[in-house]
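Working notes, beginning with the structure itself.
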Amino acid sequence: MGGLFSISMPCDQVVNQVSQYLCTHGSYIYSLSENLAALQKDIEVLKAKRDDVQRKVCGEEFTGRRERLSQVQLWLTNVLNTENRFNDLFSTNNVEIQRLCLCGLCSSNVKMSYIYGKRVVRMLKEVESQFSRRIFCGD
């Protein structure tokens, strides 16, 4: 006796959707080392930009020419919060890298590596968005 319902889906469509899912979500694990290196580099650049802005703001305040703008203070606070979250995230990078096997294609704990890799990618995007924010400090 046959089933009452039949669902027909082209094989190409299923394979395409599965491969797209694996490429997107699998890259959290496969590209973890590269993403961590990019994040570390971007954080260093962001910290340098923060130091430059902080130095300029402090100089302006010291001479009494200008007061610190609220948007500048907000940006500086956001950068500090991002740096703190990066430090927390990066503190476990050695453990996460050691979980990887088969040249990064797999992990001894796929779920934990996936979650960690996703956090790294999110933070990378957040840091990149901080670069694009225009800081007005009397330029």
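The values are calculated or read from the model by the stated rules, or taken from the named source; none is laboratory data. It should be emphasised that the depicted structure is a prediction, and the values quoted were computed from it without experimental measurement. Every residue, glycine as well, gets a Cβ built from its backbone with ideal geometry; the counts of neighbours run over all protein chains shown.
What the table below lists for this structure:
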| read-out | value |
| --- | --- |
| Exclusive hit being at pLDDT 85 or above and of a type outside the set (A, V, I, L, M, F, W, C), set GLY64, GLY117, GLY104, GLY138 | GLY117 |
| Condition broken by GLU67, with the remaining ones in (1) outside any helix (DSSP H, G or I); (2) touching a residue at least 40 places away in the same chain (Cβ under 8 Å) satisfied | (2) |
| Subset of the stretch 67-101 [modelled with pLDDT of 90 or more, surrounded by 13 or more Cβ atoms within 10 Å (Cβ to Cβ) and of a type in the set (Asp, Glu)] | GLU83 |
| Given (1) over 26 Å from the mean Cα position of the chain (by Cα); (2) at negative phi; (3) not polar (S, T, N, Q), number of the condition ILE43 does not satisfy | (1) |
